[in-house]
Each structure stands twice: as C-alpha cells, then as structure tokens.
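Read through the structure below, which is laid out as structure tokens, and then see the notes.
What follows is calculated from the coordinates using simple rules that are stated; it is not laboratory data. Treat the numbers as computed from the prediction; the structure is a model and nothing was measured. Cβ: placed from backbone, ideal geometry, glycine included. Neighbour counts: every protein chain shown.
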Amino acid sequence: MHIADEFRKSMNWLHTWLGIALSGVLFAVFWMGSLSVFMYETDQWMMPEARGPAVETVSLDETVLPWLEQSDVSAEQSVFVVMPSVRKPLLRVGVFGGDNGPLNAYFDPATGKQVERTGTFGSSGFFYPFHYSLHINWQGLGYWIVGLAAMAMLTLVVSGIFIHRKIVQDFFSFRPTKALRRSTLDLHNITGLVALPFHILFPLTGITIFALVYFEGAALKPFKGEVFDYTREANGYYVIEPDGVAADPVQSVDGFIEEAEAIWTSRSGTPASADYIRIEAYGDTNSKVVIQHSGPRLQVARSQGRIVYDAASGEMEQDFQPAPIRNALSWLEGAHYMMFRPYHVRWLLFFGGLMGAAMIATGLLFWMRARIRKGLEPTSVRVVRALSVGSITGMIGASGAFLLANRLLPLDIDGDGRAYLEVLVFYSVWLLSFVHAAIRNKQAWRDQVWVIAGIAFLAPVLNWVSTGDFLTVSISQGQWAVAGTDLVILASGGLAVFAALRLKQTERVEAAKAQRRPVAGSLADAASVPAE
Amino acid sequence: MIHTALLLFAFLTAFLGCAFLALSQDRHWRALMERGTLGPAFQRPAGWILIAVSLLVVVLRDGGSFGALIWPLLLALTAVLTALMLAYWKKPMVVLARASLSLSSRNITP
C-alpha cells in the first residue's frame, strides 16, 4: 500500500473515532457557545425589566451606596458592582461572603430606582457557563471534558483536511439532490472548510483562557505554586484585609470612576469605561475601592485595567497594567470573549459558531448513516440513533424549552426557585428527547425537528403575551436585543420546518427504493436459476 | 452611511469573488451553462482580485485587529452563500456566467 494511502487511512480512523467519542460534547459546546455570542441580548428577552432604553451614565453614590448602608454589609464581605451598558441595561450590585450573603440588587440606571428582577439565570447564567463547564462542577470535571473536546477538535480539523480528497474541487459543492449521504458529507465539508480559521481559533483560545485550570503546574511554576503570586503578576490582584477598626463607610465612588476612566482613555486612545467595581473591607479603616476595566468597546484585544483607591483618603494605591507578555494573549482571548461593541463582528462570529455546530452534527449524521448502510444490528442502530438525536435536536429543543419556561412560569416563586425550575425544564426536555428518540427510532429526527419548529413559533408569541413587546413594538421602539432574539428564534423555526419537510421527502424516496429492491432481487434470482 | 456602504461593498466583492472562483471550476460552469462550453479564463484571477479587494475594504473600514476576525468569516459566509445558490437558486449564477462570457468575447462558442 502506498505510504500516502496508509497515512490517510490512519487519519481517517483517528477522525472517525475521535469524532464519535466527542461529537456530543463538541456539539453542546458549539451550540451553547453560539448562543452565548448574544447572551446579554437573550438576557434582555428573558428579563423584561432589563430591557432598554440603555442609559450608561449612572451615579453609584445615589444608588449603590445608600443600598449598602441599609443592607448591614460587614467588612468581611466583598461588594461588587457590574456597571450598566447598552448590552446590559441594569446596574447590578452583589455582596458575597459573611453570614447574610450573598445579596443581590438591581437598579434601573434611567430612574436610579431598585427593580425586582425576573427569577432566572438567563442566557449569561446558564447557556454561557454550559459552554465551558457543562455545569459539571464536581472536581472541575466539566472544564476538563470541555478542554479535552477542544484538544480533540483541533486534532479533528487537521486530520479532516488530510482525509478530504478533493478540497479545491468540492469547495463550493453542495448536492442536495444526490443521495442523503452525499449531501450530508458535502455540508460537513463546506461548513468545516469555509470557517476553518474559526474552527482553529476558538478551541485554541478556549484552552488558553483556562490555562490556569489545564496547565496549572506550568502556569504556577515560576511562582512556586502560589496562585496569589500568579494572579498579582498577571492580573494585579492582591488581598485586601480589614484592619478590624470601624470607620465611616465610603461616601463617594463616582469621582474615582471618572478619574480612572480618564486615565485609561488617554492611555489607550480608545474610549474605556469601568465595567466592574469592587469595594473591599466596607466600613473599615482599610477600605478600598477597586475600579476595573476589562471590556474594551472598540478593539478586539481584552484590556485589563485595575486602579485601586483608598476609600477614606481617596489616594490612588495601585494603577495596574499587565506586562507585555500578557498582552500577547489579549487579542486571542479578546476574540473569544467578544466584549467589544460592533454588532457586525458579533453576527459574523455567531455565524461561525453555527457553522461549527452544523459541521459536528453533519459529521455525526454521516457516520451514523454509513454504519447503518454497512449493516448494524437493529438494537445498536436504535442506541446510536437515540444518542445522536438527543445530543443534536434534543439539545436544541431543550434550549428552546428553557426560553418557553422563562415566559410561562409564574413570577411569584421565591428566591432562586424559579431560576432552578427553568433549569429543571431544560434537563427534563433534554432527557426526554433521548427516551423519545429510542422509542420512535427512525421517525425521531422528524418528530423532534417539528417540536423545535413549534417551540420557535410559540416563543415570540409568549414574549408578546407576557410583555406586550410584539415584534412591531420592539422594532419601532428600537429594542433591537428583543426584536433580534425574536427574529432569530423565528428564523430557526423556519429552518426547522424546511428540515422536517426535507426529512419527509428523503424518507419517501428511500421507501420507494426499498420497494424496488426486492423486485430487482427476484429478477436477478430468476435469471440465475439454471434452465432445466 | 459611508460605513454601511463600505460593509456592503466588502460583502459584495467577497461574494462576487467566491462566485467567480466557483464559475472557474468546470463542474459548476457546466452545471449552469450548456455542456461542452468552457468558462472564460479570466474568472479565476478576477475571483482572487475581488477577494483581495474585500480584504482591503475590511481593513480600511475596521482596522487590522477587527479585520482579522471579520474577513475570514465574511469569506465563510459568502462561500456558503455561493454553494447554496449553486444548489438552490441558480438564476443569478447563470446571469453572472453569461455576463462573464460576454465580457470575454474570444471564448464564445457557436
């Protein structure tokens, strides 16, 4: 055998088995990651009180500080404030640590009044962490599974290029009228090849972002294993301990924010705003105010500014800028974090993510059909099909059900109860999709695609009924986050209907073929019968 | 206004670039035009030039840092669009193929 053929064969083997082993996880990661591109927009859809119009200037002195005074915050607790922005219209303040924590409050920057927020984790609290941790927090196992899948993805991309025989010739070839196997492979090749830079950049940067998890030993080696020494060097963090002597709580932080923003803006030459504020050792003589800036608006690279003020004297204690070696990573990480503002970039990245999800799904489908053709016993077919259907259409359907639950559950469920109920709906629907697929076998795809279509057409209606923001209303008010979410959901509904009709057509064609086959067989048998 | 126009222009040049590259391949050309004809030879260089123009426009409009994200994904989008149009909506592609035939008179077959 020729050496190139031998190599291609071994690459094929690697591509096949690595793909099957991890495509379920990879699809979940790409699907949830794609949803996370618009997580704050989806949050606005899921939390009607967080819908714009966005006001970006707000006084913390008039909102957060009075609330802190009323809330019995102690010096041992940490206070953080997430500043409002176009994408996140509400001002959020949280307190953790201590006996009465965690506390959370939300303010509408337009009025300065506290608002009761819908009990939900939203997209940023559920879909987003799903894409890097799978919500498996035990021993950080979820992170490790995702990291392994990301490594596998890089291997899959490279081996995929080697086993593709006609890269140039087939580059623009999608042949939907040919056999389903051919058109599936065409889709797999197109979605894989055209977005190749994306398919390499995202797993790679995903791994580097969690370097401290995946390469803990290597990252901490220069710091003799001390995490705090590492984070001080890399991010400027240091521990602020209370003196234990009570003092008047901090009276004003607005001036600190203004000064810090002016420093960053003049230093980087692009508008920089504080997005995260911390108050440490509240009501103590050693109280500090930490102003952070991590989300640049008009650049890809992540910036990391941290300026620390002494709460009592107002003196600047630290003005942290990362070392140049940290900056080398900041474009790569910034591309993955996507904290920047331009929406056309965001849409393109969303498209890239969906290409990844489509590539993984079609790869799995292609393998499955190839196995069934080669002859697989019916029980195995059922199991393999149930796993594939559940991890693809089941995952999509469960995400849709999560949104429906958000609009349907009563608002008066206390605490985090409502948020956890939404999560329960997600996992129940997901689990059911596997069971349903095992029972319905061949019809499972079509059934579930129809369910997805139903969910997609129902969601904008529920949004309309529960908030009054029908598409025409949200568009005319310039509520693009809400209108965009509705439109994307509707578009996926349209796509689901198209897919369902296409699946039905394929079934019909295959049924017709299956009917013809025995006839042809019997003719052949007849011909081979020796004449007497 | 000029910003939107430039983005549209980058999209159009990238799309036309992909379309010309596809037309320069015999398989797609034959599927669109009569059998036996050959596509004009200028299509392949024209495709690459248009794609290079789209890179230039993107970098001028958004800078290199954003450009490095935008351009590859813009090409991905237009390449998928090209493949989908070749499969489902051939008419504009046929128009483009005819136009490129009449642009290069020497390749017209009787």
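Structure data summary
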quantity: Qualifying lysines (Cα of each under 21 Å from Cα of A:Lys9; at least 8 residues distant if same chain); calculated: A:Lys166, A:Lys374
quantity: Chain B: angle of helix B:2-23 to the longest principal axis, Cα-based, in degrees nearest 10; calculated: 30
quantity: Cα→Cβ-extended label distance, 7 Å offset, between A:Val381 and A:Trp144, nm; calculated: 3.8
quantity: Cα centroid separation - the range A:289-366 against the range B:25-69, whole Å; calculated: 33
quantity: Highest average packing first - B:47-53, A:348-354, Cβ atoms within 10 Å; calculated: A:348-354, B:47-53
quantity: Cα gyration tensor shape of the range A:343-416, rounded if a/c is under 1.5, else prolate or oblate by comparing a/b with b/c; calculated: oblate
quantity: Nearest-0.05 FRET efficiency for B:Ala41 and A:Leu408, computed from C-beta distance (R0 56 Å); calculated: 0.35
quantity: Folded to 0 to 90 degrees: helix B:91-103 orientation relative to chain B principal axis, Cα; calculated: 80
quantity: Added length on full extension, which subtracts the Cα-Cα distance from 0.36 nm per residue, A:Ala110 to A:Val239; calculated: 43.0 nm
quantity: Computed lengthening from A:Glu62 to A:Leu424, 0.36 nm per intervening residue step minus Cα-Cα distance; calculated: 126.5 nm
quantity: Ranked A:Asp72, A:Asp447, criterion: other C-beta atoms within 10 Å, fewest first; calculated: A:Asp72, A:Asp447
quantity: Flagged links, alpha-carbon separation over 20 Å, of A:Lys88/A:Lys113; A:Lys178/A:Lys513; A:Lys513/B:Lys90; calculated: A:Lys513/B:Lys90
quantity: Mean separation of Cα contacts under 8 Å, 6 or more apart, over the residue count of the range B:1-66: relative contact order %; calculated: 45
quantity: Those chymotrypsin sites (Phe, Trp or Tyr not before Pro) in the range A:134-227 that DSSP places in a loop and that have at most 14 other beta carbons within 10 Å; calculated: A:Phe215
quantity: Cα-projected label distance for A:Glu69 with A:Thr285, points at 7 Å along beta-carbon direction, nm; calculated: 2.3
quantity: FRET efficiency estimate (nearest 0.05) - Cβ-Cβ, A:Phe470 to B:Tyr88, R0 30 angstrom; calculated: 0.45
quantity: Loop trypsin sites (Lys or Arg not before Pro), the range B:15-82, which have at most 12 other Cβ atoms in a 10 Å radius of their Cβ (DSSP); calculated: B:Arg35
quantity: Rough spin-label spacing in nm, given labels placed 7 Å along Cα→Cβ, for A:Gln321 and A:Ala211; calculated: 2.0
quantity: Peptide B:22-34, shielding by other chains (average Cβ, 10 Å cutoff); calculated: 2
quantity: Within 10 Å of each Cβ in B:75-85, the average number of Cβ atoms from other chains; calculated: 6
quantity: Relative contact order (%) - chain A, alpha-carbon pairs under 8 angstrom, separation at least six; calculated: 16
quantity: Stretchable slack from A:Asn441 to A:Lys9, in nm (0.36 nm times residue separation minus alpha-carbon distance); calculated: 152.4 nm
quantity: CD proxy at 222 nm, helix term only [per DSSP H run n ≥ 4: -39500 (n - 2.57); per residue of chain B; nearest 500]; calculated: -28000 deg cm²/dmol
quantity: FRET E, pair A:Val158, A:Glu76, Förster distance 41 Å, beta-carbon r, rounded to 0.05; calculated: 0.20
quantity: Average beta carbon contacts from partner chains per residue of A:502-514, 10 Å cutoff; calculated: 0
quantity: Helical segments meeting 30 Å axial Cα length and Kyte-Doolittle -1.0 threshold in chain A (DSSP H); calculated: A:3-37, A:141-163, A:343-374, A:417-440, A:444-467, A:480-528
